[in-house]
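Structure first, then comments.
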Amino acid sequence: MSIVRGEQGRLELGGIELAAVVRDTGVGTPAYVYDLTGIVAEAEALHRAFGGASHLVAYAVKANSAGPVIRALRRAGCGADVVSGAELALALECGVASDAILFSGVAKLDRELDAAIAAGPEGIGAIQIESVEEIVRVSARARAASRRARVSLRVNPAASLEALATHAHIATGHDDAKFGIAKADFSHALALVAASPDLELTGLSTHVGSQFTSTQAYIAAARTLFHLVAEVRPTYGSALRFVDTGGGFGVDYGTGCRVSPSDFVSEALAVQRSFGLDDLALYVEPGRALVAAHGVLVASVVQEKSTPHGAASGARRRWLMIDAGMNDLLRPALYQARHRIEAIDPVSGPMATSASWQVVGPVCESADDFGVHELPAAAPRLVAIRDAGAYGYTMASRYNGRALAAEVFVEAGRVVASRARALDAAWVRDRADLGVVDP
Ligand code: PLP
(Lines give C-alpha, C1' and ligand atoms only; values in the text may rest on other atoms or scores of the structure.)
Protein backbone atom coordinates (compact mmCIF):
# COMPACT_ATOMS: atom_id res chain seq x y z
CA MET A 1 0.00 0.00 0.00
CA SER A 2 1.80 3.12 -1.06
CA ILE A 3 -0.25 5.76 0.84
CA VAL A 4 0.41 5.85 4.58
CA ARG A 5 0.54 8.33 7.46
CA GLY A 6 4.20 8.49 8.54
CA GLU A 7 5.58 8.60 12.06
CA GLN A 8 5.23 12.37 12.23
CA GLY A 9 1.59 12.02 11.18
CA ARG A 10 2.21 13.44 7.72
CA LEU A 11 0.62 11.73 4.74
CA GLU A 12 3.15 9.92 2.53
CA LEU A 13 2.98 8.32 -0.89
CA GLY A 14 5.69 5.90 -1.95
CA GLY A 15 7.81 6.73 1.09
CA ILE A 16 7.86 10.50 0.60
CA GLU A 17 5.81 13.19 2.34
CA LEU A 18 3.18 14.67 0.06
CA ALA A 19 3.43 18.17 1.54
CA ALA A 20 7.19 18.12 0.91
CA VAL A 21 6.72 16.86 -2.65
CA VAL A 22 4.46 19.76 -3.53
CA ARG A 23 6.55 22.33 -1.67
CA ASP A 24 9.97 21.21 -2.90
CA THR A 25 9.05 20.73 -6.54
CA GLY A 26 7.19 24.04 -6.60
CA VAL A 27 4.70 22.59 -9.09
CA GLY A 28 1.66 24.18 -7.45
CA THR A 29 -1.70 22.61 -6.73
CA PRO A 30 -3.77 20.82 -7.80
CA ALA A 31 -1.07 18.24 -8.40
CA TYR A 32 -1.27 14.56 -9.23
CA VAL A 33 1.46 12.59 -7.46
CA TYR A 34 2.19 9.02 -8.56
CA ASP A 35 4.34 6.29 -7.05
CA LEU A 36 6.01 4.38 -9.88
CA THR A 37 7.43 1.79 -7.48
CA GLY A 38 3.92 0.85 -6.36
CA ILE A 39 2.73 0.67 -9.97
CA VAL A 40 5.56 -1.66 -10.94
CA ALA A 41 4.85 -3.85 -7.89
CA GLU A 42 1.23 -4.25 -9.11
CA ALA A 43 2.49 -5.39 -12.52
CA GLU A 44 4.96 -7.81 -10.98
CA ALA A 45 2.27 -9.35 -8.77
CA LEU A 46 0.06 -9.79 -11.81
CA HIS A 47 2.83 -11.46 -13.82
CA ARG A 48 3.35 -13.89 -10.93
CA ALA A 49 -0.31 -14.87 -11.04
CA PHE A 50 0.25 -16.40 -14.48
CA GLY A 51 2.81 -18.86 -13.09
CA GLY A 52 4.60 -20.21 -16.15
CA ALA A 53 1.65 -19.63 -18.50
CA SER A 54 2.33 -17.69 -21.66
CA HIS A 55 0.70 -14.27 -21.33
CA LEU A 56 0.68 -10.56 -22.03
CA VAL A 57 -0.34 -7.84 -19.60
CA ALA A 58 -1.41 -5.16 -22.08
CA TYR A 59 -1.66 -2.06 -19.89
CA ALA A 60 -4.71 0.03 -20.87
CA VAL A 61 -3.02 3.36 -21.55
CA LYS A 62 -6.32 5.24 -21.28
CA ALA A 63 -6.16 4.84 -17.50
CA ASN A 64 -2.99 6.90 -17.16
CA SER A 65 -1.06 7.94 -20.23
CA ALA A 66 1.93 9.58 -18.55
CA GLY A 67 5.23 8.61 -20.16
CA PRO A 68 6.93 7.71 -16.85
CA VAL A 69 4.06 5.31 -16.07
CA ILE A 70 4.09 3.64 -19.49
CA ARG A 71 7.88 3.32 -19.47
CA ALA A 72 7.91 1.88 -15.93
CA LEU A 73 5.29 -0.69 -16.93
CA ARG A 74 7.14 -1.50 -20.14
CA ARG A 75 10.28 -2.16 -18.07
CA ALA A 76 8.12 -4.39 -15.85
CA GLY A 77 7.29 -6.51 -18.89
CA CYS A 78 3.91 -5.04 -19.88
CA GLY A 79 2.60 -4.31 -23.35
CA ALA A 80 -0.09 -1.75 -24.09
CA ASP A 81 -3.75 -1.64 -25.01
CA VAL A 82 -4.46 1.60 -26.88
CA VAL A 83 -7.68 3.18 -28.14
CA SER A 84 -6.46 5.91 -30.49
CA GLY A 85 -3.70 6.70 -32.94
CA ALA A 86 -2.25 9.14 -30.42
CA GLU A 87 -2.10 6.47 -27.71
CA LEU A 88 -0.51 4.10 -30.22
CA ALA A 89 2.17 6.67 -31.10
CA LEU A 90 2.72 7.32 -27.39
CA ALA A 91 3.17 3.62 -26.55
CA LEU A 92 5.68 3.23 -29.39
CA GLU A 93 7.46 6.42 -28.31
CA CYS A 94 7.73 5.00 -24.78
CA GLY A 95 9.46 1.94 -26.18
CA VAL A 96 6.64 -0.60 -26.05
CA ALA A 97 7.37 -3.27 -28.69
CA SER A 98 4.93 -3.11 -31.60
CA ASP A 99 4.20 -6.81 -31.11
CA ALA A 100 3.01 -6.13 -27.55
CA ILE A 101 0.45 -3.48 -28.56
CA LEU A 102 -3.28 -4.10 -29.03
CA PHE A 103 -5.52 -1.46 -30.57
CA SER A 104 -9.12 -1.49 -29.30
CA GLY A 105 -11.99 0.92 -29.96
CA VAL A 106 -15.07 1.17 -32.12
CA ALA A 107 -14.39 3.97 -34.60
CA LYS A 108 -10.75 3.82 -35.57
CA LEU A 109 -9.85 6.27 -38.31
CA ASP A 110 -8.22 5.09 -41.53
CA ARG A 111 -5.04 6.92 -40.62
CA GLU A 112 -5.02 5.23 -37.21
CA LEU A 113 -5.43 1.82 -38.84
CA ASP A 114 -2.63 2.68 -41.26
CA ALA A 115 -0.30 3.53 -38.37
CA ALA A 116 -1.14 0.24 -36.63
CA ILE A 117 -0.54 -1.75 -39.81
CA ALA A 118 2.73 0.09 -40.56
CA ALA A 119 4.22 -0.21 -37.05
CA GLY A 120 7.27 -2.44 -36.55
CA PRO A 121 8.27 -5.29 -38.82
CA GLU A 122 4.80 -6.88 -38.86
CA GLY A 123 2.38 -4.27 -37.58
CA ILE A 124 1.12 -4.21 -33.99
CA GLY A 125 0.21 -7.35 -32.04
CA ALA A 126 -3.44 -7.08 -33.04
CA ILE A 127 -6.02 -4.60 -34.19
CA GLN A 128 -9.01 -5.59 -32.09
CA ILE A 129 -11.92 -5.51 -34.49
CA GLU A 130 -15.22 -4.45 -32.95
CA SER A 131 -17.72 -4.87 -35.83
CA VAL A 132 -18.30 -6.82 -39.02
CA GLU A 133 -18.06 -3.53 -40.90
CA GLU A 134 -14.62 -2.85 -39.48
CA ILE A 135 -13.29 -6.12 -40.92
CA VAL A 136 -13.85 -4.79 -44.42
CA ARG A 137 -12.13 -1.50 -43.56
CA VAL A 138 -9.06 -3.08 -41.95
CA SER A 139 -8.73 -5.48 -44.83
CA ALA A 140 -8.77 -2.60 -47.35
CA ARG A 141 -6.17 -0.61 -45.41
CA ALA A 142 -3.88 -3.64 -45.16
CA ARG A 143 -4.21 -4.30 -48.87
CA ALA A 144 -3.38 -0.65 -49.65
CA ALA A 145 -0.26 -0.96 -47.47
CA SER A 146 0.67 -4.31 -49.07
CA ARG A 147 0.83 -5.84 -45.59
CA ARG A 148 -1.11 -8.48 -43.71
CA ALA A 149 -2.78 -7.00 -40.66
CA ARG A 150 -2.81 -9.06 -37.49
CA VAL A 151 -6.28 -8.86 -36.02
CA SER A 152 -8.37 -10.20 -33.19
CA LEU A 153 -12.14 -10.20 -33.02
CA ARG A 154 -13.69 -8.73 -29.90
CA VAL A 155 -16.87 -10.55 -29.02
CA ASN A 156 -19.69 -8.93 -27.08
CA PRO A 157 -21.11 -11.74 -24.92
CA ALA A 158 -24.39 -9.86 -24.41
CA ALA A 159 -24.42 -10.17 -20.64
CA SER A 160 -27.23 -8.43 -18.82
CA LEU A 161 -26.47 -5.12 -17.15
CA GLU A 162 -27.47 -6.67 -13.82
CA ALA A 163 -25.03 -9.52 -14.30
CA LEU A 164 -22.22 -7.09 -15.09
CA ALA A 165 -22.88 -5.46 -11.72
CA THR A 166 -20.89 -2.30 -12.30
CA HIS A 167 -21.79 1.30 -13.12
CA ALA A 168 -23.78 1.43 -16.39
CA HIS A 169 -21.28 3.90 -17.91
CA ILE A 170 -18.45 1.41 -17.59
CA ALA A 171 -20.35 -1.75 -18.55
CA THR A 172 -19.48 -2.68 -22.13
CA GLY A 173 -20.35 -6.34 -22.65
CA HIS A 174 -24.12 -6.04 -22.99
CA ASP A 175 -26.63 -5.92 -25.86
CA ASP A 176 -27.11 -2.16 -25.83
CA ALA A 177 -23.41 -1.33 -25.91
CA LYS A 178 -21.61 -0.11 -29.03
CA PHE A 179 -18.68 -2.41 -28.30
CA GLY A 180 -17.69 -5.73 -29.82
CA ILE A 181 -19.17 -8.12 -32.33
CA ALA A 182 -22.51 -9.61 -31.32
CA LYS A 183 -22.37 -13.33 -30.66
CA ALA A 184 -25.00 -13.84 -33.37
CA ASP A 185 -22.70 -12.20 -35.97
CA PHE A 186 -19.60 -14.00 -34.86
CA SER A 187 -19.49 -16.83 -37.42
CA HIS A 188 -20.15 -14.39 -40.23
CA ALA A 189 -17.29 -12.23 -38.94
CA LEU A 190 -14.96 -15.21 -38.77
CA ALA A 191 -15.80 -16.27 -42.30
CA LEU A 192 -15.07 -12.74 -43.55
CA VAL A 193 -11.69 -12.65 -41.85
CA ALA A 194 -10.81 -16.10 -43.14
CA ALA A 195 -11.73 -15.05 -46.68
CA SER A 196 -9.44 -12.03 -46.61
CA PRO A 197 -5.83 -12.63 -47.70
CA ASP A 198 -4.96 -9.32 -46.02
CA LEU A 199 -5.86 -10.38 -42.48
CA GLU A 200 -4.36 -12.84 -40.05
CA LEU A 201 -6.56 -13.85 -37.14
CA THR A 202 -4.15 -14.03 -34.21
CA GLY A 203 -6.55 -13.64 -31.31
CA LEU A 204 -10.09 -13.60 -29.99
CA SER A 205 -11.03 -11.23 -27.21
CA THR A 206 -13.64 -9.73 -24.97
CA HIS A 207 -13.80 -6.83 -22.51
CA VAL A 208 -17.04 -6.51 -20.63
CA GLY A 209 -16.55 -3.57 -18.29
CA SER A 210 -14.56 -1.94 -15.57
CA GLN A 211 -14.29 -1.85 -11.77
CA PHE A 212 -15.48 -5.41 -11.12
CA THR A 213 -15.27 -6.10 -7.41
CA SER A 214 -16.02 -9.79 -7.88
CA THR A 215 -14.70 -12.13 -10.59
CA GLN A 216 -18.16 -13.40 -11.52
CA ALA A 217 -19.05 -11.29 -14.57
CA TYR A 218 -15.46 -11.34 -15.84
CA ILE A 219 -15.21 -15.12 -15.66
CA ALA A 220 -18.67 -15.60 -17.18
CA ALA A 221 -17.52 -13.51 -20.17
CA ALA A 222 -14.22 -15.41 -20.34
CA ARG A 223 -16.17 -18.67 -20.37
CA THR A 224 -18.32 -17.45 -23.27
CA LEU A 225 -15.17 -16.42 -25.14
CA PHE A 226 -13.37 -19.72 -24.52
CA HIS A 227 -16.45 -21.65 -25.56
CA LEU A 228 -16.52 -19.79 -28.89
CA VAL A 229 -12.78 -20.23 -29.38
CA ALA A 230 -12.96 -23.98 -28.77
CA GLU A 231 -15.87 -24.21 -31.20
CA VAL A 232 -14.34 -22.27 -34.08
CA ARG A 233 -10.71 -23.19 -33.65
CA PRO A 234 -10.74 -26.30 -35.89
CA THR A 235 -12.07 -24.24 -38.81
CA TYR A 236 -10.55 -20.80 -38.34
CA GLY A 237 -7.90 -21.06 -35.67
CA SER A 238 -4.71 -22.02 -37.52
CA ALA A 239 -2.98 -18.69 -36.75
CA LEU A 240 -4.54 -18.15 -33.31
CA ARG A 241 -1.95 -17.23 -30.70
CA PHE A 242 -3.95 -15.72 -27.89
CA VAL A 243 -7.22 -15.30 -26.10
CA ASP A 244 -7.80 -11.93 -24.44
CA THR A 245 -10.20 -11.56 -21.53
CA GLY A 246 -9.81 -7.78 -21.25
CA GLY A 247 -9.42 -5.42 -18.33
CA GLY A 248 -11.82 -4.52 -15.58
CA PHE A 249 -10.09 -5.68 -12.39
CA GLY A 250 -11.63 -3.62 -9.60
CA VAL A 251 -9.83 -1.62 -6.93
CA ASP A 252 -10.75 -0.67 -3.39
CA TYR A 253 -11.95 2.94 -3.36
CA GLY A 254 -12.66 2.64 0.34
CA THR A 255 -15.68 0.39 0.43
CA GLY A 256 -13.70 -2.79 -0.16
CA CYS A 257 -12.93 -5.05 -3.08
CA ARG A 258 -13.20 -8.74 -2.37
CA VAL A 259 -10.78 -9.81 -5.07
CA SER A 260 -7.30 -8.97 -6.29
CA PRO A 261 -6.14 -8.72 -9.92
CA SER A 262 -4.39 -12.08 -9.45
CA ASP A 263 -7.75 -13.72 -8.63
CA PHE A 264 -9.12 -12.71 -12.04
CA VAL A 265 -6.05 -14.16 -13.74
CA SER A 266 -5.90 -17.45 -11.87
CA GLU A 267 -9.62 -18.11 -12.37
CA ALA A 268 -9.42 -17.21 -16.07
CA LEU A 269 -6.41 -19.51 -16.51
CA ALA A 270 -8.27 -22.39 -14.87
CA VAL A 271 -11.27 -21.95 -17.17
CA GLN A 272 -8.98 -21.63 -20.19
CA ARG A 273 -7.37 -24.94 -19.23
CA SER A 274 -10.75 -26.58 -18.79
CA PHE A 275 -11.52 -25.76 -22.43
CA GLY A 276 -8.20 -27.30 -23.53
CA LEU A 277 -6.90 -23.94 -24.74
CA ASP A 278 -3.80 -23.71 -22.62
CA ASP A 279 -1.50 -23.72 -25.64
CA LEU A 280 -2.80 -20.21 -26.39
CA ALA A 281 -1.37 -17.22 -24.53
CA LEU A 282 -3.74 -15.45 -22.16
CA TYR A 283 -3.82 -11.68 -22.66
CA VAL A 284 -5.36 -9.26 -20.15
CA GLU A 285 -5.81 -5.49 -20.45
CA PRO A 286 -5.81 -3.97 -16.97
CA GLY A 287 -5.72 -0.21 -16.57
CA ARG A 288 -7.16 0.90 -13.25
CA ALA A 289 -5.81 -2.00 -11.18
CA LEU A 290 -2.21 -1.15 -12.03
CA VAL A 291 -2.32 2.58 -11.33
CA ALA A 292 -5.37 3.79 -9.35
CA ALA A 293 -4.10 3.23 -5.81
CA HIS A 294 -0.68 4.66 -6.59
CA GLY A 295 -1.80 8.16 -7.48
CA VAL A 296 -3.29 10.95 -5.41
CA LEU A 297 -4.57 14.37 -6.31
CA VAL A 298 -3.20 16.97 -3.91
CA ALA A 299 -5.36 20.06 -3.55
CA SER A 300 -5.13 23.23 -1.50
CA VAL A 301 -8.05 24.41 0.54
CA VAL A 302 -9.14 27.76 -0.84
CA GLN A 303 -11.80 28.70 1.70
CA GLU A 304 -14.57 27.37 3.85
CA LYS A 305 -18.23 28.28 3.87
CA SER A 306 -21.06 27.59 6.25
CA THR A 307 -24.73 27.54 5.26
CA PRO A 308 -28.01 26.65 6.99
CA HIS A 309 -28.61 22.95 6.50
CA GLY A 310 -32.18 21.95 5.66
CA ALA A 311 -35.04 22.85 7.95
CA ALA A 312 -33.39 21.55 11.14
CA SER A 313 -33.02 24.33 13.66
CA GLY A 314 -29.51 25.69 13.85
CA ALA A 315 -27.95 22.94 11.74
CA ARG A 316 -25.33 24.21 9.35
CA ARG A 317 -23.47 22.62 6.48
CA ARG A 318 -19.72 23.10 6.34
CA TRP A 319 -18.26 23.39 2.85
CA LEU A 320 -14.60 22.89 2.16
CA MET A 321 -13.70 24.56 -1.12
CA ILE A 322 -10.56 23.22 -2.74
CA ASP A 323 -8.60 24.17 -5.85
CA ALA A 324 -9.17 20.81 -7.58
CA GLY A 325 -12.41 20.40 -9.45
CA MET A 326 -14.34 18.07 -11.71
CA ASN A 327 -12.17 19.23 -14.59
CA ASP A 328 -9.18 17.67 -12.77
CA LEU A 329 -10.93 14.52 -11.54
CA LEU A 330 -14.14 13.76 -13.38
CA ARG A 331 -15.01 10.40 -11.85
CA PRO A 332 -17.29 11.69 -9.06
CA ALA A 333 -19.33 13.81 -11.49
CA LEU A 334 -19.36 11.21 -14.28
CA TYR A 335 -19.88 7.99 -12.34
CA GLN A 336 -20.98 9.19 -8.90
CA ALA A 337 -17.66 7.77 -7.76
CA ARG A 338 -16.45 8.40 -4.25
CA HIS A 339 -12.77 8.94 -3.47
CA ARG A 340 -11.43 9.04 0.06
CA ILE A 341 -10.10 12.46 1.03
CA GLU A 342 -7.54 13.01 3.79
CA ALA A 343 -5.76 15.94 5.36
CA ILE A 344 -2.09 15.90 4.40
CA ASP A 345 -0.65 17.59 7.49
CA PRO A 346 -0.51 15.76 10.84
CA VAL A 347 -3.91 15.17 12.36
CA SER A 348 -3.18 16.07 15.99
CA GLY A 349 -4.00 18.82 18.51
CA PRO A 350 -6.90 20.96 17.29
CA MET A 351 -6.69 19.06 14.00
CA ALA A 352 -7.64 15.84 15.79
CA THR A 353 -11.27 16.85 16.25
CA SER A 354 -13.08 15.95 13.10
CA ALA A 355 -16.08 17.42 11.36
CA SER A 356 -18.18 16.52 8.34
CA TRP A 357 -17.17 18.64 5.40
CA GLN A 358 -18.88 18.82 2.02
CA VAL A 359 -15.83 18.97 -0.23
CA VAL A 360 -16.35 20.86 -3.48
CA GLY A 361 -14.24 22.27 -6.29
CA PRO A 362 -14.26 25.67 -7.98
CA VAL A 363 -16.05 24.67 -11.22
CA CYS A 364 -19.39 26.32 -11.90
CA GLU A 365 -21.40 23.08 -11.86
CA SER A 366 -23.29 21.54 -8.98
CA ALA A 367 -21.78 18.20 -10.02
CA ASP A 368 -18.37 19.55 -8.98
CA ASP A 369 -18.72 17.86 -5.62
CA PHE A 370 -16.47 15.24 -4.00
CA GLY A 371 -19.01 14.32 -1.31
CA VAL A 372 -19.06 14.53 2.48
CA HIS A 373 -15.83 13.62 4.29
CA GLU A 374 -14.67 13.48 7.89
CA LEU A 375 -11.73 15.89 8.09
CA PRO A 376 -10.17 17.99 10.86
CA ALA A 377 -12.64 20.52 12.26
CA ALA A 378 -10.06 23.28 11.73
CA ALA A 379 -9.94 23.38 7.93
CA PRO A 380 -6.78 21.66 6.71
CA ARG A 381 -4.35 23.45 4.41
CA LEU A 382 -3.84 20.62 1.95
CA VAL A 383 -5.89 17.52 1.19
CA ALA A 384 -5.16 14.36 -0.78
CA ILE A 385 -7.86 12.81 -2.93
CA ARG A 386 -6.92 9.15 -2.87
CA ASP A 387 -6.88 6.46 -5.56
CA ALA A 388 -6.72 9.04 -8.32
CA GLY A 389 -4.01 7.34 -10.39
CA ALA A 390 -6.48 5.97 -12.96
CA TYR A 391 -8.91 7.95 -15.12
CA GLY A 392 -7.82 11.15 -13.37
CA TYR A 393 -5.44 13.30 -15.38
CA THR A 394 -6.37 11.44 -18.60
CA MET A 395 -9.96 12.69 -18.29
CA ALA A 396 -9.01 16.22 -17.25
CA SER A 397 -10.25 19.20 -19.23
CA ARG A 398 -9.72 22.93 -19.31
CA TYR A 399 -13.37 23.66 -18.56
CA ASN A 400 -13.96 27.06 -16.94
CA GLY A 401 -10.54 28.14 -18.23
CA ARG A 402 -8.87 26.06 -15.57
CA ALA A 403 -5.28 25.00 -16.11
CA LEU A 404 -4.40 21.31 -16.21
CA ALA A 405 -3.04 19.98 -12.92
CA ALA A 406 0.64 19.49 -12.17
CA GLU A 407 2.07 15.97 -12.20
CA VAL A 408 4.85 14.53 -10.06
CA PHE A 409 6.37 11.04 -10.33
CA VAL A 410 8.05 9.37 -7.38
CA GLU A 411 10.24 6.28 -7.58
CA ALA A 412 11.95 4.53 -4.67
CA GLY A 413 11.09 7.45 -2.39
CA ARG A 414 12.37 10.29 -4.56
CA VAL A 415 10.94 12.57 -7.22
CA VAL A 416 12.08 11.46 -10.68
CA ALA A 417 9.94 13.69 -12.91
CA SER A 418 7.53 16.57 -12.52
CA ARG A 419 5.67 19.13 -14.50
CA ALA A 420 4.18 22.29 -13.07
CA ARG A 421 0.55 23.23 -13.42
CA ALA A 422 -0.06 24.84 -16.81
CA LEU A 423 -0.31 28.62 -16.91
CA ASP A 424 -3.66 30.41 -17.17
CA ALA A 425 -2.02 32.74 -19.69
CA ALA A 426 -1.47 29.84 -22.10
CA TRP A 427 -5.21 29.13 -22.13
CA VAL A 428 -6.07 32.80 -22.58
CA ARG A 429 -3.67 33.08 -25.54
CA ASP A 430 -4.98 29.87 -27.09
CA ARG A 431 -8.64 30.92 -26.95
CA ALA A 432 -8.06 34.59 -27.75
CA ASP A 433 -5.99 33.84 -30.83
CA LEU A 434 -8.68 31.63 -32.40
CA GLY A 435 -10.00 33.17 -35.56
CA VAL A 436 -7.22 35.72 -35.76
CA VAL A 437 -6.07 35.57 -39.36
CA ASP A 438 -2.30 35.57 -39.72
CA PRO A 439 -1.24 38.89 -41.26
N1 PLP B 1 -9.58 -2.72 -22.42
C2 PLP B 1 -10.54 -2.01 -23.02
C3 PLP B 1 -10.93 -2.37 -24.40
C4 PLP B 1 -11.16 -0.95 -22.36
O5 PLP B 1 -12.11 -0.25 -22.95
C6 PLP B 1 -10.76 -0.64 -21.01
C7 PLP B 1 -11.43 0.40 -20.25
O8 PLP B 1 -12.58 0.59 -20.20
C9 PLP B 1 -9.75 -1.40 -20.44
C10 PLP B 1 -9.17 -2.44 -21.17
C11 PLP B 1 -9.24 -1.14 -19.05
O12 PLP B 1 -10.20 -1.30 -18.09
P13 PLP B 1 -9.79 -1.21 -16.55
O14 PLP B 1 -9.14 0.10 -16.35
O15 PLP B 1 -11.06 -1.32 -15.84
O16 PLP B 1 -8.87 -2.34 -16.27
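Kindly provide the set of residues from region 91-113 that are closer than 18 Å to residue 73 by Cβ and crowded, with 24+ Cβ neighbours inside 10 Å, ordered by number. Break it down into steps so the answer makes sense when it comes.
To start, the set of residues in region 91-113 that are closer than 18 Å to residue 73 by Cβ comprises 91-104.
91, 96, 101, 102, 103, 104 - these are the residues of region 91-113 that are closer than 18 Å to residue 73 by Cβ and crowded, with 24+ Cβ neighbours inside 10 Å.
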Within region 201-218, considering residues that are surrounded by fewer than 22 Cβ atoms within 10 Å (Cβ to Cβ) and away from the ligand (no atom under 15 Å from the Cβ), the one nearest to the chain's Cα centre (by Cα): 216
Within region 19-37, the residues that are part of a helix (DSSP H, G or I) and of a type in the set (Asp, Glu) are 24
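Mind listing whichever residues of region 283-306 are in a strand (DSSP E or B) and closer than 20 Å to residue 61 by Cβ?
283, 284, 295, 297
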Residue pairs qualifying under the 9 Å Cβ cut-off, at least six apart or on distinct chains, with the first in region 30-42 being at positive phi and the second being modelled with pLDDT under 95, are none
State which residue is modelled with the highest pLDDT when the search covers only region 1-18 and only residues that are assigned to a loop (DSSP other than H, G, I, E, B) and crowded, with 20+ Cβ neighbours inside 10 Å. 14
State whether one or more residues within region 252-260 are within 22 Å of residue 100 (Cβ to Cβ) and crowded, with 17+ Cβ neighbours inside 10 Å. no
So residue 278 fits all but one of (1) more than 30 Å from residue 65 (Cα to Cα); (2) in contact with a Gly (Cβ under 9 Å, 6 or more places away or on another chain); (3) in contact (Cβ under 8 Å) with a residue 60 or more places away in the chain; what number is the exception? (2)
Tell me which residues, restricted to region 173-188, are more than 15 Å from the ligand (Cβ to nearest atom) and either of a type outside the set (A, V, I, L, M) or at pLDDT 95 or above (or both). 175, 176, 183, 185, 186, 187, 188
So residue 378, is it more than 15 Å from residue 337 (Cα to Cα) and assigned by TED's automatic domain parsing to the domain that holds residue 28: yes
Of the candidates 72, 116, 58, 43, the one satisfying the condition of being small (Gly, Ala, Ser), surrounded by 18 or more Cβ atoms within 10 Å (Cβ to Cβ) and assigned to a strand (DSSP E or B) is 58
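The values are calculated or read from the model by the stated rules, or taken from the named source; none is laboratory data. Just so it is clear, the model here is predicted, and its values are computed rather than measured. Using ideal geometry, Cβ is built from the backbone for each residue, glycine included, and neighbour counts are taken over all protein chains shown.
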